[in-house]
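Let me begin by presenting the structure, written as structure tokens, before commenting on it.
The values are calculated or read from the model by the stated rules, or taken from the named source; none is laboratory data. None of the values given here were measured: they were computed from a predicted structure. All Cβ positions, glycine included, derive from the backbone under ideal geometry; neighbour counts span all protein chains shown.
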2 protein chains.
Amino acid sequence: MALKVTALAGGTGGAKLVDGLTGLLGSDRLTLVVNTGDDFEHLGLSISPDLDTVTYTLAGLANPQSGWGRTDETWNFLQTLKEFGSPVWFRLGDRDLALHVERTRRMKAGQPLSEVTRTFCRIFGIDHVILPMTDDPVQTIVETDDGDLPFQEYFVKHSHEPEVRGFRFEGIEHAEPAPGFLPAIEDSDAVILCPSNPWVSIDPILSIRGVREALEGKVTVSVSPIIGGQAVRGPAAKMFAAMGIDPSACAVADHYKQILTGILIDEVDADLAPEIEALGIRARVANTMMKTQPDRKRLAEEVLTFTEELLEVESLQ
Amino acid sequence: MALKVTALAGGTGGAKLVDGLTGLLGSDRLTLVVNTGDDFEHLGLSISPDLDTVTYTLAGLANPQSGWGRTDETWNFLQTLKEFGSPVWFRLGDRDLALHVERTRRMKAGQPLSEVTRTFCRIFGIDHVILPMTDDPVQTIVETDDGDLPFQEYFVKHSHEPEVRGFRFEGIEHAEPAPGFLPAIEDSDAVILCPSNPWVSIDPILSIRGVREALEGKVTVSVSPIIGGQAVRGPAAKMFAAMGIDPSACAVADHYKQILTGILIDEVDADLAPEIEALGIRARVANTMMKTQPDRKRLAEEVLTFTEELLEVESLQ
């Protein structure tokens, strides 16, 4: 296709669509920007869960069962650490660990995260540019009935069980967009919001200074991560409910309404299309589940075709 | 036995004798003090090679083939790190890595090395007290024709091949003896210098402030790490030669002559006994090779019997 696109993504669902998109758009036509609000330091290591999921996915190394970590993984490090009584709630495989040790080593030597990520992409043979949303530290805090929890503690350590009250992105006001992020948007025909959690995966990216401004007048297309009122994976639906919003594809459209041109919703949610279009957002119905590798490419094709149509409509106006 | 002993040790050879000694003397009668001049930071991890060898040995976890690292080890971390082009000359196994990550975590949280070591001993079920020589950073530098090299770089990275010109222990003048080190010597009937490298394993321990003074008037017994003019393992013989000294059990005795009461030398070196005794140091001939587990206990018995005899002689004088 001849489109130029920037895709914003979080972890699992986002990584799957990104994988589909890279099969259709070359590296000169697709830039990937990934949430780093989940990044944290654990056992002295700098860990970037969403970046790693996207990177491992594009490298063909992602564990297809878990949605995180690597294939062919072993767990001898973690098993031994457990014998020491150390915190093992965040599961670090022996091979995965090499990535975190190497990233930590490079960052301590002064390399920004975007440069480290570029190096990893080169090593993994990934042609597409993967950018962290920022090189600066941003920490997504989930405000819950059990207190304020850094995202990974909420998500993994506490199995996203505490009742959510709100979110904040600590450090966001001082975070510069990663080099190339805003120019990529400016240079793109459209921006795709991958089917990632709107509250904690996409919102941090959109909250980086200058991003919403750069999106003004751009065709912006989302794929709803809520299907039939439920998240395919993770706490997105629960978060909508906690914020007093009925979780639905319509709620997703409404969440993004200030920037959204169109949204791809699942066939099971076809009856929500009129309600979404009433918000001034175009809705397109498709099979949005990505269970197999071909599903990823199929959905990516749906998104890009829909995006092209929206661009055509825009150009006629 | 009724002796109270402090044993000073480096890595492999020292660890083997220490293993034998712990089978003969309870934790109330034997304190172990280990060289930390080889300690270094690698990939952001605090690594204590000699402490780990002694600890793994007493825990029954040491790799009997290599002389370092653990049994039942896997290498997936290192293999992956190699794919990243990271430095892999220092071999870190997946299980071994847990120890380094945990030590680094605890030290960054402010725990001194001696406290971390105590925790590891508790976890490994080791009753005897293992003390690092100091909680302060000391770095053994090997001065070579290729420049000054931190010990592990000389020993592992450069396979102890560069020509040695001298040694220095950076930070030694500010290093306090670890809590309990000097009291252990004071409380001991005798001090045993294990068959470790005199230049880079035992000398750093002896160079800690107050140690030589504490040894004055103490019965101090060494086991020669040089047998038939050669080191059982490692560069000790080469180092003697580089310093212009013919490597031999006699050279070891001479090296320690200011503090040594007696030395155990191997049967192959029996003819050196008169020369050693001429230095005012008692020499005892024994089979000092430790190839098997029973060898360790047998040699420990030889050392302790010899030590008791030396104490008896002293008491008669």
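Some notes on this structure:
- Residue list for the stretch B:111-147, restricted to those being among the hydroxyl-bearing types (Ser, Thr, Tyr), within 16 Å of B:GLU176 (Cβ to Cβ) and without any contact (Cβ under 8 Å) to a residue 40 or more places away in the chain: none
- Conditions (1) hydroxyl-bearing (Ser, Thr, Tyr); (2) modelled with pLDDT under 95; (3) farther than 28 Å from B:MET290 by Cα; (4) buried (at least 20 other Cβ atoms within 10 Å of the Cβ); number of the one not met by B:SER86: (4)
- Of all residues in the stretch B:290-317 being charged (D, E, K, R) and at pLDDT 95 or above, the one that is surrounded by the most Cβ atoms within 10 Å (Cβ to Cβ): B:ARG296
- The condition of being assigned to a helix (DSSP H, G or I) and either in the same structural domain as A:LEU32 (by TED's automatic domain parsing) or at pLDDT 95 or above (or both) does not hold for A:GLU153.
- Cβ-Cβ under 7 Å pairs, at least 6 apart or on other chains, the stretch A:277-300 side without any contact (Cβ under 8 Å) to a residue 60 or more places away in the chain, far side aromatic (Phe, Trp, Tyr): A:ARG284/A:PHE306
Results for (1) in contact with a helix residue (DSSP H, G or I) (Cβ under 9 Å, 6 or more places away or on another chain); (2) closer than 22 Å to A:VAL101 by Cβ, shown as yes or no for each residue.
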{"site": "B:ASP96", "(1), (2)": "yes, yes"}
{"site": "B:GLU102", "(1), (2)": "yes, yes"}
{"site": "B:THR119", "(1), (2)": "yes, no"}
{"site": "B:ILE141", "(1), (2)": "yes, no"}
{"site": "B:LEU149", "(1), (2)": "yes, no"}
{"site": "B:GLN152", "(1), (2)": "yes, yes"}
{"site": "B:SER159", "(1), (2)": "no, no"}
{"site": "B:ARG165", "(1), (2)": "yes, no"}
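- Selection within the stretch A:56-80 - within 25 Å of A:GLY44 (Cβ to Cβ) and free of Cβ contacts under 8 Å to residues at least 12 places away in the same chain: A:ASN63, A:SER66, A:GLN79, A:THR80
- One residue stands out in the stretch B:8-35 among those that are touching a Cys at 6+ places or on another chain (Cβ under 9 Å) and within 12 Å of B:PRO225 (Cβ to Cβ): the one that is surrounded by the fewest Cβ atoms within 10 Å (Cβ to Cβ), namely B:GLY13.
- Test: B:GLY69 is at pLDDT 95 or above and away from chain A (no Cβ under 12 Å): no
- When B:THR36 is tested against (1) within 14 Å of another protein chain (Cβ to nearest Cβ); (2) of a type in the set (Val, Ile, Thr); (3) in contact (Cβ under 8 Å) with a residue 24 or more places away in the chain, exactly one condition is not met: (1).
- Condition met for B:THR140 (more than 14 Å from chain A (Cβ to nearest Cβ), surrounded by 22 or more Cβ atoms within 10 Å (Cβ to Cβ), at pLDDT 95 or above and not in a loop (DSSP other than H, G, I, E, B)): yes
- Within the stretch B:230-270, being of a type in the set (Val, Ile, Thr), surrounded by fewer than 21 Cβ atoms within 10 Å (Cβ to Cβ) and farther than 19 Å from B:GLY10 by Cα holds for B:ILE245, B:VAL268.
- Checked against the criterion of being touching a strand residue (DSSP E or B) at 6+ places or on another chain (Cβ under 9 Å) and among the small types (Gly, Ala, Ser), the candidates A:GLY23, A:GLY10, A:GLY67, A:GLY85 yield just one match: A:GLY10.
- Per the conditions (1) surrounded by fewer than 19 Cβ atoms within 10 Å (Cβ to Cβ); (2) touching a residue at least 40 places away in the same chain (Cβ under 8 Å), the sole criterion not satisfied by A:LYS108 is (2).
- The stretch A:89-104 - residue that is touching a Lys or Arg at 6+ places or on another chain (Cβ under 7 Å) and surrounded by 19 or more Cβ atoms within 10 Å (Cβ to Cβ) and, of those, farthest from A:LYS157 (Cα to Cα): A:ARG95
Results for (1) surrounded by 20 or more Cβ atoms within 10 Å (Cβ to Cβ); (2) of a type outside the set (Phe, Trp, Tyr); (3) away from chain B (no Cβ under 13 Å); (4) under 15 Å from the mean Cα position of the chain (by Cα), shown as yes or no for each residue.
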site: A:ILE47; (1), (2), (3), (4): yes, yes, no, no
site: A:VAL54; (1), (2), (3), (4): yes, yes, yes, yes
site: A:THR57; (1), (2), (3), (4): yes, yes, yes, yes
site: A:GLY60; (1), (2), (3), (4): no, yes, yes, no
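- Count of the stretch B:96-154 residues which are among the small types (Gly, Ala, Ser) and in contact with a Ser or Thr (Cβ under 7 Å, 6 or more places away or on another chain): 1
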